[in-house]
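Participant: Sending over a structure as structure tokens; questions will come in a sec.
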Amino acid sequence: MNYNYKLQKELNSEYQLLDKAHSRHQHFEKLIDSIQERIIELETLHEKLKLDDPDFAVHAEAERVLYRHNASLGYNQNLAIKKAG
């Protein structure tokens with residue numbers, strides 16, 4: 001029985017698994033960073049709106065941020081589910 005071949009084959013398989021895990025890890029780090037950025041943006045905007053400033057630019061910014069946040073959130077969640085599966 002050729003154990004050298006079997007061990008090499010198993011080692012290659014483990015390296016492939018490690019590469020996939022690293023790739024997923026990097027993806028989830030990017031996802032976490034993106035979520036944190038959106039949280040900061042939403043918190044900042046929320047603070048501006050709590051001032052009851054009638055500035056319509058702030059309200060327009062709120063619409064833009066919420067639209068982008070919702071679009072990005074759905075995309076990132078679907079992508080994360082596909083990558084994790």
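Participant: Within segment 33-44, track down each residue that is free of Cβ contacts under 8 Å to residues at least 24 places away in the same chain and either surrounded by 11 or more Cβ atoms within 10 Å (Cβ to Cβ) or not hydrophobic (A, V, I, L, M, F, W, C) (or both). Walk me through how you get there before you give the answer.
Facilitator: First, the residues of segment 33-44 that are free of Cβ contacts under 8 Å to residues at least 24 places away in the same chain: 33, 36-37, 39-40, 43-44.
Listed by number, the residues that qualify are Asp33, Gln36, Glu37, Ile39, Glu43, Thr44.
Participant: Another question, then. Since His59 meets every condition but one in (1) surrounded by 10 or more Cβ atoms within 10 Å (Cβ to Cβ); (2) at pLDDT 85 or above, which condition does it not meet?
Facilitator: Evaluating His59 over (1) surrounded by 10 or more Cβ atoms within 10 Å (Cβ to Cβ); (2) at pLDDT 85 or above leaves (2) as the failure.
Participant: Could you check, for segment 3-22, whether at least one of its residues is assigned to a helix (DSSP H, G or I), surrounded by fewer than 10 Cβ atoms within 10 Å (Cβ to Cβ) and modelled with pLDDT under 85?
Facilitator: Within segment 3-22 (the criterion being assigned to a helix (DSSP H, G or I), surrounded by fewer than 10 Cβ atoms within 10 Å (Cβ to Cβ) and modelled with pLDDT under 85), the answer is yes, since at least one residue qualifies.
Participant: If you check Glu47 against the conditions, is it exposed (fewer than 10 other Cβ atoms within 10 Å of the Cβ) and either touching a Lys or Arg at 6+ places or on another chain (Cβ under 8 Å) or in a helix (DSSP H, G or I) (or both)?
Facilitator: Values: exposed (fewer than 10 other Cβ atoms within 10 Å of the Cβ): yes; either touching a Lys or Arg at 6+ places or on another chain (Cβ under 8 Å) or in a helix (DSSP H, G or I) (or both): yes.
In short, yes.
The values are calculated or read from the model by the stated rules, or taken from the named source; none is laboratory data. This one's a predicted model, so the numbers in the text were calculated from it and none came from an experiment. Cβ atoms come from the backbone with ideal geometry, glycine included; neighbour counts cover every protein chain shown.
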